[in-house]
There are 2 protein chains.
Amino acid sequence: MKTVTCTAPVNIAVIKYWGKRDEMLILPLNDSISFTLSQDEMCAKTTISISPTFTEDRFWLNGKEESLENPRIQNCLKEVRRRASKRKLEDSASDTLSWHIHICSENNFPTAAGLASSAAGYACLVYALGQLYGVEGDLSYVARQGSGSACRSVYGGLVRWYMGQADDGTDSFARPVAPPHHFPDLRVIICVANDSRKKIGSTIGMRQTVQTSQLMQYRIKETVVSRTDDMMKAIEDKNWSEFCDITMTDSNEMHAVCQDTNPPCVYMNDTSHSVAALVHRYNDIKTAAGDVSHKICYTFDAGPNACIFVPGAVVEEVVGVLVRAFPPSPTSNSVPYVTGITTHIPELSRELKNLADEDAQPCGHLKYLIHTKVGDGPRILTDPTSSLLDPATGLPKLQKEVEGESNL
Amino acid sequence: MKTVTCTAPVNIAVIKYWGKRDEMLILPLNDSISFTLSQDEMCAKTTISISPTFTEDRFWLNGKEESLENPRIQNCLKEVRRRASKRKLEDSASDTLSWHIHICSENNFPTAAGLASSAAGYACLVYALGQLYGVEGDLSYVARQGSGSACRSVYGGLVRWYMGQADDGTDSFARPVAPPHHFPDLRVIICVANDSRKKIGSTIGMRQTVQTSQLMQYRIKETVVSRTDDMMKAIEDKNWSEFCDITMTDSNEMHAVCQDTNPPCVYMNDTSHSVAALVHRYNDIKTAAGDVSHKICYTFDAGPNACIFVPGAVVEEVVGVLVRAFPPSPTSNSVPYVTGITTHIPELSRELKNLADEDAQPCGHLKYLIHTKVGDGPRILTDPTSSLLDPATGLPKLQKEVEGESNL
């Protein structure tokens with residue numbers, strides 16, 4: 001039996017992927033750029049074993065056995081095996097490709113976070129397959145065929161997914177554009193919103209936007225193209241203030257084209273808009289003080305949760321403002337309201353108290369906050385105890401139930 | 001003493017006015033089209049008296065004396081007097097233009113409705129002034145200088161405000177394009193939403209959209225131009241289904257460019273989006289049944305309240321669906337939940353019950369519903385008891401406090 005265990009990160013787009021030009025190959029209508037988040041707080045984990053004794057291919061996701069017939073998983077499997085067989089022929093290595101495969105995957109973060117579990121999951125699957133079969137070179141091209149934004153989770157730091165031009169998608173892949181510490185000590189606060197509304201899945205939502213929104217045509221042809229250039233320049237110049245402005249503008253434009261869809265795709269809710277307004281008011285204070293290097297910025301995927309990028313120097317005051325403006329529900333369960341990196345909330349200045357109080361919300365509008373940071377790409381776990389599959393049986397060690405979502 | 005009393009209607013745009021090309025003259029960036037609503041349920045009322053015995057110009061708005069220094073009111077006054085003096089010279093009529101003026105205005109609808117009180121108010125003021133001084137011809141050009149959308153309240157039925165091209169605004173006026181009964185027995189349901197958020201006023205909101213939204217540039221240059229043509233054709237063809245689709249598309253596009261503004265101008269709230277989704281689901285049922293002549297459509301101004309246009313044949317079932325999906329708060333005060341035209345809510349079909357229940361909201365998300373219809377232009381009230389000013393003193397008869405808002 002041969003076994004590999006890997007983890008892969010969540011990524012958050014700052015130039016959004018919204019709209020496919022090819023639904024089968026998952027080819028986007030524009031380039032996107034994302035930050036990879038730290039795997040210390042959130043990651044997908046996958047163990048893959050192959051053995052000549054296995055009698056069938058099997059797949060467990062978050063503790064539940066699932067069909068491997070899913071075409072997106074099959075695409076990833078076939079592509080990695082195709083590359084491996086090419087390499088094996090050259091190596092004259094043993095034919096492990098004919099062995100059956102057991103795949104066991106889980107996410108260590110709650111679905112409630114609405115975060116990219118499918119992106120992290122497919123990146124992890126493809127990365128682990130690549131390790132197992134000894135495939136070298138870029139795997140983002142393969143991960144893309146599992147879930148579009150998964151291609152960006154194959155690398156750490158700032159990552160760009162090039163839409164490509166080819167009909168067969170061969171030039172649609174991701175590449176790192178800056179390392180995790182490009183903007184030093186960058187933190188991320190995920191504001192997990194309470195929301196009961198039924199939402200349109202991102203695959204259907206983006207299809208409807210492409211089909212019905214006139215503004216979307218302009219986004220694709222004009223605005224997101226030049227904005228991606230502007231973002232690359234802001235990254236190159238390490239211009240944090242500009243990075244913040246562009247990130248918020250693109251998030252708002254994405255949700256604008258969603259609103260312009262027929263019927264409208266509404267992902268942000270009243271709480272989301274309150275968080276966004278708070279971020280703008282916080283930046284007004286920093287800008288007035290000539291302190292634009294401590295600006296912060298939000299971005300929203302296809303859900304109500306804000307993802308806020310925050311320089312480390314101000315992260316504790318920002319969490320303090322958020323907790324004051326969005327107090328926890330007194331009836332919420334015992335989990336801490338701020339999770340992830342340990343956060344010591346300081347006594348807020350009068351100015352920040354007023355900022356929080358200006359539009360303070362009834363308690364319980366946010367479920368909790370996750371304090372995390374930006375991070376590196378997928379990792380191989382060598383400690384055998386980290387394996388999700390029993391080395392004797394090749395079957396899952398434990399059961400755990402979580403579901404998946406997708407990101408942009 | 002010479003006295004005139006008039007009423008003027010509210011109007012609801014179906015092609016939105018959002019963005020000025022000249023802030024002083026109130027010149028818009030695009031043509032807009034609106035439906036004038038019936039004055040039976042909502043109107044502004046103005047009495048104007050002039051007398052050689054008055055010692056100063058005075059102005060009462062909703063029972064409170066206000067300054068007449070407001071430049072928008074002054075613009076309207078000066079323009080009507082300029083036209084009148086031109087006419088008087090020709091007529092050699094008596095010089096009533098030198099007499100002081102008393103103006104008393106009120107709206108008979110609650111500000112909470114978020115409806116166009118300034119549009120109705122300025123239309124009423126200008127119409128009454130025109131009557132008083134015997135000015136003939138189009139007054140929409142004058143009303144526009146009070147509040148942009150007021151120019152559309154000068155006429156009944158479907159009204160188009162032509163943006164014009166001239167720098168001095170002389171070609172920016174409204175004209176009726178179809179009478180009130182063009183679409184027979186058309187009803188209007190205003191869903192007044194509970195909302196505590198602070199909102200950006202429409203003047204500032206549209207300025208920020210013009211200054212910061214890239215999508216707005218496309219709206220102005222491309223989409224709203226061709227959509228206005230499409231709407232004129234739908235009106236000409238009496239194509240109700242098309243009218244509905246275009247109305248909703250333009251409302252959504254306006255709120256999309258608001259979302260695309262920096263910082264975002266958010267007017268619709270979670271309740272607004274729920275109402276919009278309900279309308280789409282209702283139309284899906286009518287479309288599936290091949291009954292597109294009974295489709296309905298929503299439009300939202302710079303606030304959370306839905307305005308729904310409904311063919312008379314289905315208005316009672318639509319109110320029934322709305323009341324079921326948005327039940328009144330049990331702690332609300334004694335006013336009826338459905339006001340305006342008497343509405344007998346029928347027993348709903350299973351299909352409509354399911355429709356309402358699919359996304360039913362906790363009670364109290366709507367304050368109340370106003371059932372009204374489309375209507376005609378400003379009216380002169382000849383019954384002396386209708387005057388707001390005492391014929392003996394020229395002072396207001398009664399006091400009543402309501403504030404104003406503006407529409408698009």
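Could you check the stretch B:196-233 and list, in sequence order, the residues that are facing chain A (nearest Cβ under 9 Å) and part of a loop (DSSP other than H, G, I, E, B)?
Selection gives B:Arg197, B:Lys198, B:Ser213.
Being touching a Cys at 6+ places or on another chain (Cβ under 9 Å) and closer than 18 Å to A:Val10 by Cα is the filter here; which residues of the stretch A:182-201 pass it?
Scanning the stretch A:182-201 gives A:Val188, A:Ile189, A:Ile190, A:Cys191.
Just checking, how many residues over the stretch A:234-252 are of a type in the set (A, V, I, L, M), within 14 Å of chain B (Cβ to nearest Cβ) and in contact (Cβ under 8 Å) with a residue 60 or more places away in the chain?
1
So A:Ser32 ticks every box in (1) at pLDDT below 90; (2) within 30 Å of A:Tyr218 (Cα to Cα) but one. Which box is left unticked?
Of (1) at pLDDT below 90; (2) within 30 Å of A:Tyr218 (Cα to Cα), only one is false for A:Ser32: (1).
Would you be able to tell me the number of residues in the stretch A:34-85 that are of a type in the set (S, T, N, Q), buried (at least 20 other Cβ atoms within 10 Å of the Cβ) and touching a Leu at 6+ places or on another chain (Cβ under 9 Å)?
Counting residues in the stretch A:34-85 that are of a type in the set (S, T, N, Q), buried (at least 20 other Cβ atoms within 10 Å of the Cβ) and touching a Leu at 6+ places or on another chain (Cβ under 9 Å) gives 5.
Checking B:Ala174 against (1) outside the structural domain of B:Ser117 (by TED's automatic domain parsing); (2) hydrophobic (A, V, I, L, M, F, W, C); (3) buried (at least 20 other Cβ atoms within 10 Å of the Cβ), only one condition comes out false. Which one?
Of everything listed in (1) outside the structural domain of B:Ser117 (by TED's automatic domain parsing); (2) hydrophobic (A, V, I, L, M, F, W, C); (3) buried (at least 20 other Cβ atoms within 10 Å of the Cβ), B:Ala174 misses just condition (1).
Are there any pairs, at least 6 apart or on different chains, whose C-beta atoms fall under 6 Å, with the first in the stretch B:322-334 and at pLDDT below 95 and the second part of a loop (DSSP other than H, G, I, E, B) and among the aromatic types (Phe, Trp, Tyr), and if so, which?
Here the result reads B:Pro328/B:Tyr337, each pair linking the stretch B:322-334 to a residue that is part of a loop (DSSP other than H, G, I, E, B) and among the aromatic types (Phe, Trp, Tyr).
Looking at A:Pro180 and the list (1) at pLDDT 95 or above; (2) within 14 Å of chain B (Cβ to nearest Cβ), which single condition is not satisfied?
(2)
Would you check which residues across the stretch B:308-321 are under 15 Å from B:Lys295 (Cβ atoms) and either in contact (Cβ under 8 Å) with a residue 40 or more places away in the chain or in contact with a Gly (Cβ under 8 Å, 6 or more places away or on another chain) (or both) and list them?
If the condition is that a residue be under 15 Å from B:Lys295 (Cβ atoms) and either in contact (Cβ under 8 Å) with a residue 40 or more places away in the chain or in contact with a Gly (Cβ under 8 Å, 6 or more places away or on another chain) (or both), then B:Ile308, B:Phe309, B:Val310, B:Pro311, B:Gly312, B:Ala313, B:Val315, B:Val318, B:Val321 are the ones that fit.
Residue under question is B:Ile220, and the condition is that it be within 17 Å of B:Pro311 (Cβ to Cβ) and out of contact with any Lys or Arg (no Cβ under 8 Å at 6 or more places or on another chain); does it hold?
The answer is no for B:Ile220.
List pairs: first in the stretch A:265-294 and more than 16 Å from A:Ser349 (Cβ to Cβ) and more than 9 Å from every other protein chain (Cβ to nearest Cβ), second of a type in the set (Ser, Thr, Tyr) and part of a helix (DSSP H, G or I), Cβ under 6 Å, 6+ apart or cross-chain?
Short answer, once both residue conditions are applied: A:Val292/A:Ser241.
Being crowded, with 24+ Cβ neighbours inside 10 Å, at the interface with chain B (Cβ under 10 Å from one of its Cβ atoms) and at pLDDT 95 or above narrows it down to one residue among A:Ala306, A:Ala256; which is it?
When all the criteria are applied, what remains is A:Ala256.
So B:Val126 clears everything in (1) in a helix (DSSP H, G or I); (2) at pLDDT below 90 except one condition, right? Which one?
The number of the failed condition is (2).
I'm trying to understand the selection: among the residues of the stretch B:218-237, which are surrounded by 14 or more Cβ atoms within 10 Å (Cβ to Cβ), over 20 Å from the mean Cα position of the chain (by Cα) and not β-branched (Val, Ile, Thr)?
B:Tyr218, B:Arg219, B:Glu222, B:Arg227, B:Asp230, B:Ala234
Of the numbered conditions (1) of a type in the set (D, E, K, R); (2) under 22 Å from the mean Cα position of the chain (by Cα); (3) at pLDDT below 95, B:Lys373 satisfies every one except a single condition; which is it?
(3)
Taking interchain pairs and intrachain pairs at least six residues apart, which have beta carbon atoms under 8 angstrom, with the first residue in the stretch A:146-163 and within 10 Å of A:Pro28 (Cβ to Cβ) and touching a residue at least 12 places away in the same chain (Cβ under 8 Å) and the second assigned to a loop (DSSP other than H, G, I, E, B) and of a type in the set (A, V, I, L, M, F, W, C)?
Taking only residues 6 or more apart or on different chains, the pairs are A:Gly148/A:Ile26; A:Ser149/A:Ala116; A:Ser149/A:Leu408; A:Cys151/A:Phe173; A:Trp161/A:Phe173; A:Tyr162/A:Phe173; A:Met163/A:Leu29.
Taking the stretch B:257-274 only, how many residues are in a helix (DSSP H, G or I) and touching a Leu at 6+ places or on another chain (Cβ under 6 Å)?
1
Within the stretch B:44-82, how many residues turn out to be touching a Gly at 6+ places or on another chain (Cβ under 9 Å), within 18 Å of B:Asn107 (Cβ to Cβ) and in a strand (DSSP E or B)?
3
Do you know which of the residues in the stretch B:376-408 that are at pLDDT below 85 and either touching a helix residue (DSSP H, G or I) at 6+ places or on another chain (Cβ under 9 Å) or hydroxyl-bearing (Ser, Thr, Tyr) (or both) is surrounded by the fewest Cβ atoms within 10 Å (Cβ to Cβ)?
Looking at residues that are at pLDDT below 85 and either touching a helix residue (DSSP H, G or I) at 6+ places or on another chain (Cβ under 9 Å) or hydroxyl-bearing (Ser, Thr, Tyr) (or both), I get B:Glu403.
Find the residue count for the stretch B:95-112, including only residues that are part of a strand (DSSP E or B) and modelled with pLDDT under 90.
Residues flagged as part of a strand (DSSP E or B) and modelled with pLDDT under 90 within the stretch B:95-112 amount to 1.
Can you name every residue in the stretch B:155-174 that is over 21 Å from B:Asp22 (Cα atoms) and of a type in the set (A, V, I, L, M)?
The answer is B:Leu158, B:Val159.
Could you grab me the full set of residues in the stretch A:240-267 that are closer than 17 Å to A:Pro304 by Cα and of a type in the set (A, V, I, L, M)?
Once the filter is applied, which keeps residues that are closer than 17 Å to A:Pro304 by Cα and of a type in the set (A, V, I, L, M), the stretch A:240-267 yields A:Met248, A:Met254, A:Ala256, A:Val257, A:Val266.
Filter the stretch A:19-33 down to the residues that are crowded, with 21+ Cβ neighbours inside 10 Å and part of a strand (DSSP E or B) and list them by number.
Across the stretch A:19-33, the qualifying residues are A:Leu27, A:Pro28, A:Ser32, A:Ile33.
Can you confirm whether A:Ile48 is in contact with a His (Cβ under 8 Å, 6 or more places away or on another chain) and closer than 16 Å to A:Gly121 by Cβ?
Yes, satisfied.
The values are calculated or read from the model by the stated rules, or taken from the named source; none is laboratory data. All of these numbers come straight from a predicted model, not from anything done at the bench. Here the Cβ is made from the backbone with ideal geometry for all residues, glycine too, and neighbour counts use every protein chain on show.
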